[in-house]
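Bear in mind these aren't lab numbers, they're just calculated from the coordinates by the rules spelled out. For clarity, every value in this text was computed on a predicted model and none was experimentally measured. A quick note on method: Cβ atoms are made from the backbone with ideal geometry, for glycine too, and the neighbour counts reach across all protein chains shown.
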Amino acid sequence: MALLSGGRVDEILIERAHRPWRIGSIVLARVTAVRRELGAVFLDLAGDDGYLDGFSGPIPNEGKSVLVEITSEAHRGKAARVTTDLSLQGELITMTPHRPDHAISRRITAKGERSRLRAALGEVLPETLGAIVGPQAKGCEIPALLADAHALLDRWQRMQALIQAPSANPAPQILQAAPGPVEQARRAAPDATVREGRDGALFLEHDIEATIAQATQRRVTLDSGAALVFDEGEALTAIDIDVARSQGATENPITLASESAQAIARQIRLRRLAGLILIDFPRTRIAAAREKLSAELKQAFTGEAEPLTIHGWTRAGLLEITRPRRGPSLRETLLEDDPALQPNVNTLALEALRHVLRGSSGIAHPRLKCSNAVGLALLGPLRPAFDEVGRRLGARLTLEPDQ
């Protein structure tokens, strides 16, 4: 899924069928270990491991069930992070059972409309249960809003019943599936026009493949001639603003700071960078340039679900920022974990299938010549995609090994 603004790609969301997203899913989890000295509770999330950091309220005993929401994917051997502060998603409303407040989206600005929706919400949900009316509820009919509220209330009561029964010891299970890329994109841009393509044709039409390729490269050149250099590591991401090859990039540090801030903000979104990020801005005696960089970066992420936290400048002159980690970066999803930045086997295998669908029309017995590694991926974790291609071609796709 690609989000475009003014014809330019602002964000790319990728989910693979053999590794579906789990962020935002609500799970009836089971406590597997309690580490009081760490303030952490470890959980079985219906097959995956999770941990609850800073548990609020009484700490449950091992073996007990608890309702949690997954807030970040498992990453580099670390278990998925979860919270007990749940959000139940409806068509028009998001229920927040542990945040007792009724709120209306800021995108609904008409005072009369806000009052109308708030009054209707109060007819169904008690003040002890919080809820947020989303921007998609603008101008909706009251019966539709009430139906959504009733459905969420019923879902919450059924979830509560699972863990409140004295003799109940249910198996860990997913109670609310995670929103995929399409749903996440709709929430991020509720007023956007949605176009759906097949076989990668729409991405080729809008040159999105080229944007993805650039967003996985180490170096991005700016209009001024300066360049951004990205180095992703396990502990942090370093961004260097390189002006060595530019004739005039340093002549106006404030202009450079503004250009760099806009480009860095876009690349952080495209690359899905998170965790600790350090930015090395060229040395300058003009303090306003550094202030410009940090201010524009902060402004670029104001109001977003995954905001930046700007911690300030280190003694070595680096701007230190952090961003919540929700899942793997674009590079981790698409490329091998090596300095060569080569596409990983799943990326190659799925691109090969798109080529097959676009280029094998009229071929009675289509064959795909590929390496053993690609073939094993297609017959292993990517088997559903491989079978789907066969169904759409109306013929079995044969794999021909080629070293």
Estimate the FRET efficiency between ARG245 and SER115 by the formula 1/(1 + (r/R0)^6), using the beta-carbon distance for r and 56 Å for R0, to the nearest 0.05.
0.45
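For a Förster distance of 60 Å, can you work out the FRET efficiency between the beta-carbons of GLN299 and GLN403, rounded to the nearest 0.05?
After rounding, the FRET efficiency stands at 0.70.
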Across the alpha-carbon set of the stretch 344-401, Rg over Rh with Rh taken as the Kirkwood radius works out to 0.92
Could you run the Karplus curve 6.51 cos²θ - 1.76 cosθ + 1.60 with θ = phi - 60° over the stretch 62-71 and give me ³J(HN,Hα) per residue in whole Hz, x for Gly and Pro?
4, x, 7, 8, 8, 8, 9, 10, 7, 9
Please list, in chain and number order, the residues 5+ apart from ASP49 or on another chain whose amide H is under 5 Å from its amide H, with Hs placed from the backbone.
ALA80
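What's the Kirkwood radius of the stretch 216-323 in Å, using all Cα pairs?
Taking the inverse mean of 1/r over all distinct Cα pairs, the stretch 216-323 comes out at 13.9 Å.
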Please list, in order along the stretch 304-321, the HN-Hα scalar couplings obtained from phi with the Karplus expression 6.51 cos²θ - 1.76 cosθ + 1.60 (θ = phi - 60°), rounded to whole Hz, x for Gly and Pro.
7, 5, 10, x, 8, 10, 9, 8, x, 9, 7, 5, 8, x, 9, 7, 9, 9
Points 7 angstrom from Cα along the Cβ direction at ALA151 and LEU379: gap in nanometres?
4.4
Its Cα gyration tensor gives the stretch 1-78 an equivalent ellipsoid whose semi-axes in whole Å, largest first, are 33, 13, 11
Which of the helices in the chain, when you take each full DSSP H run, stretch at least 24 Å along the axis at their Cα atoms and have an average Kyte-Doolittle score of -1.0 or higher?
142-164, 253-271
Between LEU4 and residues 5 or more places away or on another chain, the pairs with built amide H atoms under 5 Å apart involve ASP10
Count charges around LEU256 for me, please; just the other residues with Cβ under 15 Å from its Cβ, Lys/Arg as +1, Asp/Glu as -1.
-3
Sorted by average packing, counted as other Cβ atoms within 10 angstrom per residue and highest first, what order do 298-304, 358-364, 257-263, 182-188 take?
257-263, 182-188, 298-304, 358-364
Using alpha carbons only, how many angstrom separate the centre of the stretch 115-169 from the centre of the stretch 1-63?
23
Please give the peptides 204-212, 317-325 ranked by average Cβ packing (other Cβ atoms within 10 Å per residue), highest first, as a rough proxy for protection.
317-325, 204-212
For Kirkwood radius over Cα pairs in Å, one of (1) 22.9; (2) 22.0; (3) 24.4 was computed from the structure I shared and the rest are decoys. Which label?
(3)
How many nm is it between the label spots at GLN214 and SER371, if each spot is 7 Å from the Cα in line with the beta carbon?
2.8
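How long is the gain from SER258 to THR314 if the chain were fully straight, where each residue apart is worth 0.36 nm and the alpha carbon distance is subtracted?
On the way: separation 56, 0.36 × 56 = 20.16 nm, distance 2.00 nm.
Result for the pair: 18.2 nm of gain on full extension.
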Modelling each spin label as a point 7 Å along the Cα-to-Cβ direction, I'd like the ASP280/GLU332 distance in nm, to one decimal.
2.3
Reciprocal mean inverse distance between Cα atoms of the stretch 88-164 - Kirkwood radius, Å:
12.5
Please check which bits of the stretch 218-236 a label hung off ASP207 would reach, taking the label as a point 7 Å along Cα-to-C-beta and the cut-off as backbone N under 15 Å.
221, 223
